[in-house]
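Coordinate-derived values only; no laboratory data. Computed from a predicted structure; not experimentally measured. No Cβ is skipped: glycine too gets one built from the backbone with ideal geometry, and neighbour counts run over all protein chains shown.
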Amino acid sequence: MVHDYPPLSGGGLALAALDLAALLADRYEFRIVSARSRDHFADDRGRLRAASTWLCASPWRLLRWAPDADLVVVHWTFSFRWLSTLAAAVVPLTGCPTVLIIHTAPEHARHNRLRVLPDWVRRLLLGLAARLTRRHSCVAALSHAHALELRDAGIRPTHVLPLPVRPADGPGVHRARGPVGVVGFAGELSVLKGADLLPGLMAALTPRWRMRIAGAGPLSGAVLKAVDALPSARRQRVCLLGAVAPEHMPSFYRSVDFLLVVSRTESQCRVALEAMLAGVVVLAGRAGGLTDIVVDGKTGFLVDPARPAELRALLDRLSADRAVLDRVRRTARASALAAFEASRADWSRLLMELVPSGAGRENLPYRRLSHKRHQTLP
């Protein structure tokens with residue numbers, strides 16, 4: 001698997017790559033090639049040196065390694081990071097079957113490092129991205145909403161293949177612990193993830209609700225200023241946790257009743273699925289793949305984060321009706337568990353189609369596939 005951003009122990013994309021490898025490790029051997037060993041979330045340099053399955057890459061190492069693989073899975077985003085873009089362009093030319101997983105929607109380019117470019121340059125890059133997808137054995141969108149966004153940009157995914165989000169160890173049902181009163185936020189503190197809306201949300205919610213905010217990023221300073229500007233009593237209701245390591249996220253979910261997901265674009269949304277598995281009620285904006293997993297009133301609630309007074313009124317109603325909350329938690333967890341099982345089955349089926357499995361390459365006939373699409377979405 002080729003993975004470019006962020007480091008392997010930081011961010012949802014990296015965790016998705018590791019989860020996919022772990023899920024299928026009983027049948028396939030994975031090597032994860034990464035160009036990033038550190039960023040503001042994580043520093044993996046020591047871990048990379050200690051793990052033979054993680055390879056820090058140069059272009060020459062990638063080109064030397066790819067022809068020996070039975071299949072190359074490329075994790076790609078509209079940030080156009082160099083390693084994953086090079087792999088998407090070159091690996092299909094080697095004759096090796098390739099799966100291109102597109103992790104973000106085209107709108108992502110308006111909020112990431114490409115946001116400074118003129119619109120015509122971004123449109124040109126989208127055209128190049130569309131050309132990159134034409135020779136892959138599989139081009140995977142992560143939700144039906146994500147697939148529609150890609151199609152609108154001229155990119156035709158061949159499969160909708162959500163990545164598996166595994167339930168954490170231990171009980172998944174949220175424990176009742178007295179009055180409901182804690183709202184959480186987890187993610188990069190950036191405009192892309194809607195962190196610029198947090199000051200208004202804090203001002204509206206803190207008279208009644210406590211807030212726990214897990215994350216770091218370019219808007220960390222602005223969020224801290226907004227907290228400092230609150231009256232003293234309300235300031236005590238906000239807890240800024242900074243970046244939280246993946247292994248500590250289960251504790252975070254146990255500490256909140258609701259999770260706000262206010263991203264401007266999401267292809268699948270890992271934190272929403274993690275919260276559903278943990279029994280936390282998700283309050284989500286209507287962004288991309290969130291609408292695939294959050295069914296309003298059943299597996300969570302769809303909200304307009306730009307209208308904090310309406311959100312506060314919804315929270316007040318829900319806090320007074322524990323029966324509704326318990327029903328939504330149970331339904332959401334069952335839905336997230338079903339999504340995990342379906343994802344595992346779909347990925348297993350795809351890989352069994354593309355590569356031999358079981359006894360190993362020395363005992364099975366190895367077949368290379370031509371660059372044809374194995375399934376066409378309606």
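How many times 2.2 N^0.38 Å is the alpha carbon radius of gyration of region 182-335?
Compactness ratio reported: 0.96.
Which of rounded, prolate, oblate describes region 116-273, given a ≥ b ≥ c as roots of the alpha-carbon gyration tensor eigenvalues and a/c under 1.5 marking rounded, otherwise prolate only if a/b is larger than b/c? Spell out each step's value before the answer.
Numbers: a/c = 3.01, a/b = 1.63, b/c = 1.85.
Verdict is oblate for region 116-273.
Applying the Karplus parametrisation 6.51 cos²θ - 1.76 cosθ + 1.60 with θ = phi - 60° to the phi angles of region 260-272, what ³J(HN,Hα) value in whole Hz is obtained for each residue in order, glycine and proline being reported as x?
Working through the residues one at a time gives 7, 10, 10, 4, 7, 8, 9, 8, 9, 6, 5, 5, 5 Hz.
Considering the convex hull of the alpha carbon atoms of region 84-129, report its projected area averaged over all viewing directions, in nm², one decimal.
Averaged projected area of region 84-129's Cα convex hull equals 3.6 nm².
How far apart, in nanometres, would the label points at Q236 and R317 be if each is projected 7 angstrom from Cα along the Cα-to-Cβ direction?
3.2 nm
Give me D for region 244-362 in µm² s⁻¹, whole number, from Stokes-Einstein with Rh from the Kirkwood sum over alpha-carbon pairs, 25 °C and 0.890 mPa s.
Values: Rh = 15.8 Å.
Estimated via Stokes-Einstein, D reaches 155 µm²/s.
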